[in-house]
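This report concerns only the one structure given below.
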Amino acid sequence: MNNPFRQLLQADERSYFWIKKKLGLKTEYQGAWLAWIVGLLMGLLIGALWL
């Protein structure tokens, strides 16, 4: 049996590379920038809904 945690990490890695390919990101810095912006927007949205 496979470890469920390992399966989760593999699925996350596959989705990361799929998104990177679809958006045409060339470097890891661009991926980090994308994650930072998405996190910021989600934080603002959740904060606005919380109020």
Exercise for the section: Kindly check whether there is at least one residue in region 8-27 that is assigned to a helix (DSSP H, G or I), of a type in the set (F, W, Y) and surrounded by fewer than 10 Cβ atoms within 10 Å (Cβ to Cβ). Expected result: no
Exercise for the section: Under 6 Å between Cβ atoms, at least 6 apart or on separate chains: pull out the pairs that start in region 3-25 with a residue that is without any contact (Cβ under 8 Å) to a residue 60 or more places away in the chain and end on any residue that is surrounded by 10 or more Cβ atoms within 10 Å (Cβ to Cβ) and assigned to a helix (DSSP H, G or I). Expected result: K20/G31; L25/G31
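Name the one entry in L51, L45 that is of a type outside the set (D, E, K, R) and exposed (fewer than 10 other Cβ atoms within 10 Å of the Cβ).
After ruling out the rest, the residue left standing is L51.
Bear in mind that the values in this text are calculations on the coordinates, not laboratory data. In this text, all values refer to a predicted model and were calculated from it rather than measured experimentally. So basically every Cβ, Gly included, is an ideal-geometry build from the backbone, and we count neighbours across all protein chains shown.
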